[in-house]
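*Asks:* I have a structure here, written as structure tokens, and I will follow up with some questions on it.
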Amino acid sequence: MATVQETVLEFVRSEVIADRRIAYDTSLYSLGANSLEMVAVKTRLEKHYGIRIPDEVATREAFESVDSISRLLARLGVR
Amino acid sequence: MGADGPAAQPNGAPDSQGRPCAIWRDAPAHVRLDADGVHLWRIDMNPHRAPLASMTRLLGENERLRAEQVISQDARRRFIVSHTAMRQILSRYLDQPADEIRYTADARGKPVLDRMAGAPDIRFNLSHSGELALLAVALGRDVGVDLELIRPVSAWRIIAGRYFSASENQELAELPAEEAAVAFLRCWTRKEAVAKASGEGISTRWTGLTVSLEVQAPPSVVAFAPGACAGMCITLWPSTQGRDTSLLSVPVGRLGHIACGTASDRPSQQSQVRPRPCAWEKDQA
């Protein structure tokens, strides 16, 4: 079963950029990700895990990298 | 309004259907912006032989650090070119050297100019897609711009469900699939332009805001945030084969919107004055 980080990376590659060089701590914004692409990642994660990510925690910082998104999901109870 | 320079039709005057007339033109030596106008600058982020080293010297310390952290060469080039262009353009309105301009992110992350005493209240917003960037500049009013590549967004239905209003979703549901996918992008860029103008950014609170999805709609008045004062949204159309120069055009395959707030000294009054756009090409300095 895929880890949370692997799942997040899969959605990032599908919605933002399929660049092989994305590491878990790569800044997604520095890859040129825009708000629509990040919202696409967010909504696909919500659907996949059956959760809602509240606006207050879905900050720019929280979506900075695969790692920060994974930490956010962990705080929301996703394992 | 700075309508200097050769032009067959006045830049900014509306046509008979109320659509803004603006043709991408070389900017005059002196660009002048008044409270009635909004200027839109087109920036090519892949100019021939971009002198990146000298451009980087114009950037602020934060920008240089950010540029260094970008791992993709293309993304780094785009960042350097667009931010240098932004400084050079703003410099023309502020009468300040490009490398001395300071801007910082406000509490909600929107870049705002550090205004010098006596300087005009210039506000701006940047958006980019592919190798094209657009910079919107306004005087004394909030401005936002959003540009998107027309492309399949596989998650569009879920996004619309979370971020769009009930009536927007209703309109999308009534369209055939291919039209709905583009209408989704039109709705998204319209809302995103408004969200960027207000500095709030899109959130699920925006389900309370409805924008028109009509293709032929003239600039429409929208509320900047649920309950807040009104502004206006101007559509940027993908150029047609017939080069419809009566509309603000972006290259084929893209669409976008500019949103402009009301003048800040009349916050509670719906402004009767519709911002008139001027569209300028950023020259390769």
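*Asks:* Taking Cα atoms, how many degrees apart are the long axis of helix A:35-49 and the longest axis of chain A, rounded to 10 and kept between 0 and 90?
*Replies:* The angle comes out at about 40 degrees.
*Asks:* Would you mind working out the magnitude of the charge dipole of chain A relative to its Cα centre, with +1 at each Lys and Arg C-beta and -1 at each Asp and Glu C-beta, to the nearest 20 Debye?
*Replies:* Dipole size: approximately 200 debye.
*Asks:* For every helix of n ≥ 4 consecutive DSSP H residues, a contribution of -39,500 (n - 2.57) applies; sum these over chain A, divide by its total residues, and give [θ] at 222 nm rounded to the nearest 500 deg cm²/dmol.
*Replies:* -14500 deg cm²/dmol
*Asks:* Sticking with this structure for a sec: Give me the percent relative contact order of the stretch B:46-144, please, defined on Cα pairs under 8 angstrom at least 6 residues apart.
*Replies:* 18 percent
*Asks:* Tell me, what is the percent relative contact order of chain A, built from C-alpha pairs under 8 Å that lie six or more residues apart?
*Replies:* Over chain A, the number comes to 42 percent.
*Asks:* Please check: in the Gaussian network model of chain A (C-alpha springs, under 10 Å), which one of A:Asp25, A:Asp55, A:Asp67 has the largest mean-square fluctuation.
*Replies:* Comparing A:Asp25, A:Asp55, A:Asp67 in the GNM, the peak value goes to A:Asp55.
*Asks:* Below 8 Å, C-alpha to C-alpha, sequence gap of six or more: please give me the relative contact order for the stretch B:37-99 in percent.
*Replies:* 39 percent
*Asks:* ³J(HN,Hα) across the stretch B:121-128 via Karplus (A = 6.51, B = -1.76, C = 1.60, θ = phi - 60°), whole Hz, x for Gly/Pro?
*Replies:* Karplus values, whole Hz, x for Gly and Pro: 7, 7, 10, 8, 7, 10, 9, 9.
*Asks:* Which ³J(HN,Hα) values in Hz, rounded to whole numbers, follow from the phi angles of the stretch B:49-66 under the Karplus curve 6.51 cos²θ - 1.76 cosθ + 1.60, where θ = phi - 60° and Gly and Pro get x?
*Replies:* My calculation for the stretch B:49-66 gives 6, 5, x, 4, 4, 6, 5, 4, 5, 7, 6, x, 4, 4, 5, 5, 4, 4 Hz in order.
*Asks:* Separation of the stretch B:38-76 and the stretch A:45-79 by C-alpha centroid, Å?
*Replies:* 31 Å
Here, each number is a calculation from the coordinates, and none is a lab measurement. Keep in mind the model is a prediction, meaning the values are calculated, not measured. Don't worry about glycine lacking a Cβ; one is built from the backbone with ideal geometry, like all the others, and counts go over all protein chains shown.
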